[in-house]
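Structure, as structure tokens:
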Amino acid sequence: MYQGSKVQRGPLPVATRGESPISIIGAGIAGAWQALLFAQAGHAVTLHERSDEAMMLSSSHWAGGMLAPWCESEVSEPIISRLGLRALDLWRRELPDTPFNGSLVVAHSRERNDFERFARLTSGHRRLDARALAELEPVLEGRFRDGLFFAGEGHVEPRRVLPKLHERIIAAGGTIKFNSEAGPDDIEGVVIDCRGLCARDTQPELRGVKGEMILIETDEVELARPVRLIHPRWPLYVIPRQDSLFMLGATSIEAEDTGVSVRSALELLSAAYAVHPAFAEARIVEFGSGLRPAFPDNLPRISIDKEKIAVNGLYRHGFLIAPALAELTLAFVERGQIDNEVMRCG
Ligand SMILES: Cc1cc2nc3c(=O)[nH]c(=O)nc-3n(C[C@H](O)[C@H](O)[C@H](O)COP(=O)(O)OP(=O)(O)OC[C@H]3O[C@@H](n4cnc5c(N)ncnc54)[C@H](O)[C@@H]3O)c2cc1C
């Protein structure tokens, strides 16, 4: 369990180990981690997903996949750091090949004040001068005066890691039903609703926060880790993917359409160009956007109503915190433990 979390005994456990089948709806990052930990704990798990294996209907498909609790603490509540730090251990345990080679934060001179502010508001970083920066990422030589290195952070590639998690669920004895649309009231027994934004029928406060991204391809630039560029409006970043691909992300817009605006595209592409001008020659592979499921306080929530449990509101931290939320749900179902910061009962 968490060090320092506010945990107390709750009501009677709704199920004891292996006795009751568990149905999970939604195979995005929240549902996948729930299914994995429950299956590994010996429960009979069925995971329902309305889309096919490509998971194009999930918010998770569009994500950056950064596991960055220290960087995110600039703008998020302490609970995100608590869950995120615990989740890093779970990522390491379940997928030991997850790259944990840190992330870099850089800024151009006009964003100097915002850079210093970012340094003040975050921890877990080391300041690198231009030479140390170039040793870490040779392609950045001569580009920035200094940078912040968050050595403990990691990143995953969502479109590769979701199938890996799905494979592990099956290996642990779970069943996944793709093209299977279900609602929490359609299924008997313990149901864990991880439908993201589609859960608005039972959680009307949910809203979608649009995040736009661009995928580009080039052999001219090599990066080993995500690079964040301080930007007056959004934390823009460039994340290296396999096969010479880079993801540029992400805007954060209070809108629920899934288009990509010219303005956002210009800003994302400019960020890449600012990190390295060789990105100007890159090929644009994809424009896209996803809707982050968020509650009004932008905090995650595990809502418990007898055997119906809903895990939602992962907002911009789904990859970072989903493993820790799954661990909390399992502790509730097996032992009746309540985490006061995240759970709402009744
Ligand atoms: C551009 C962008 C960048 C991001 N970058 C990061 C990042 O770097 N790090 C990070 O931690 N987070 C990031 N996020 C946030 C993260 O993607 C979300 O928090 C996360 O995807 C939410 O996961 P979820 O499983 O709750 O929802 P979803 O991924 O949307 O999954 C819900 C699933 O439920 C399925 N479903 C819905 N209704 C039904 C039904 N009735 N029956 C069956 N299935 C159903 C859907 O098809 C979907 O697959 C980013 C998001 C965006 C958009």
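Things worth noting here:
- Only one of Ile239, Ile230, Ile284, Ile321 that is under 30 Å from His108 (Cα atoms) and within 11 Å of the ligand (Cβ to nearest atom): Ile239
- Qualifying residue in the range 224-245 (condition: within 30 Å of Asp305 (Cβ to Cβ), open to solvent by 20 Å² or more (accessible area, probe 1.4 Å) and in contact (Cβ under 8 Å) with a residue 60 or more places away in the chain): no
- Among the residues of the range 296-337, the ones that are of a type outside the set (Gly, Ala, Ser), farther than 17 Å from Phe38 by Cα and more than 16 Å from the chain's Cα centre (by Cα) come to 4 in all.
- Single unsatisfied condition, Ile338 versus (1) within 13 Å of the ligand (Cβ to nearest atom); (2) touching a Gly at 6+ places or on another chain (Cβ under 7 Å); (3) of a type outside the set (Phe, Trp, Tyr): (1)
- Within the range 40-62, considering residues that are closer than 19 Å to Ala171 by Cα and crowded, with 24+ Cβ neighbours inside 10 Å, the one farthest from the ligand (Cβ to nearest atom): His43
- Positions within the range 158-181 being away from the ligand (no atom under 12 Å from the Cβ) and either among the aliphatic types (A, V, I, L, M) or buried (at least 20 other Cβ atoms within 10 Å of the Cβ) (or both), in sequence order: Ile169, Ile170, Ala171, Ala172, Gly174
- The lone exception for Thr329 - which of (1) within 16 Å of the ligand (Cβ to nearest atom); (2) closer than 23 Å to Gly249 by Cα it fails: (2)
- Restricting the range 253-279 to residues that are touching a residue at least 12 places away in the same chain (Cβ under 8 Å) and among the β-branched types (Val, Ile, Thr), the residue that is surrounded by the fewest Cβ atoms within 10 Å (Cβ to Cβ): Thr258
- Of the residues making up the range 148-172, those that are outside any helix (DSSP H, G or I) and hydrophobic (A, V, I, L, M, F, W, C) are Leu148, Phe149, Phe150, Ala151, Val156, Ala172.
- Subset of the range 182-201 (residues that are within 14 Å of the ligand (Cβ to nearest atom) and over 23 Å from the mean Cα position of the chain (by Cα)): Ala182, Gly183, Pro184, Asp185, Asp186, Ile187, Asp201
A quick yes/no check of all residues on (1) free of Cβ contacts under 8 Å to residues at least 24 places away in the same chain; (2) in contact with a strand residue (DSSP E or B) (Cβ under 8 Å, 6 or more places away or on another chain); (3) open to solvent by 20 Å² or more (accessible area, probe 1.4 Å):
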{"site": "Glu281", "(1), (2), (3)": "no, no, yes"}
{"site": "Gly290", "(1), (2), (3)": "no, yes, no"}
{"site": "Phe295", "(1), (2), (3)": "no, yes, no"}
{"site": "Ser303", "(1), (2), (3)": "no, yes, yes"}
{"site": "Ile309", "(1), (2), (3)": "no, yes, no"}
{"site": "Ala322", "(1), (2), (3)": "no, no, no"}
{"site": "Ala331", "(1), (2), (3)": "no, yes, no"}
{"site": "Gly336", "(1), (2), (3)": "no, yes, no"}
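- Enumeration of residues in the range 214-223 that are surrounded by fewer than 22 Cβ atoms within 10 Å (Cβ to Cβ) and closer than 28 Å to Ala119 by Cβ: Val221, Glu222, Leu223
- Residues in the range 90-131 that are free of Cβ contacts under 8 Å to residues at least 12 places away in the same chain and open to solvent by less than 80 Å² (accessible area, probe 1.4 Å): Arg112, Glu116.
The values are calculated or read from the model by the stated rules, or taken from the named source; none is laboratory data. Treat the numbers as computed from the prediction; the structure is a model and nothing was measured. In this analysis, Cβ positions are derived from the backbone assuming ideal geometry, glycine residues included, and neighbour counts consider all displayed protein chains. Just the protein is used for accessible areas: all its heavy atoms, side chains included, with ligands, DNA and RNA removed. Shrake-Rupley method; radii C 1.70, N 1.55, O 1.52, S 1.80 Å.
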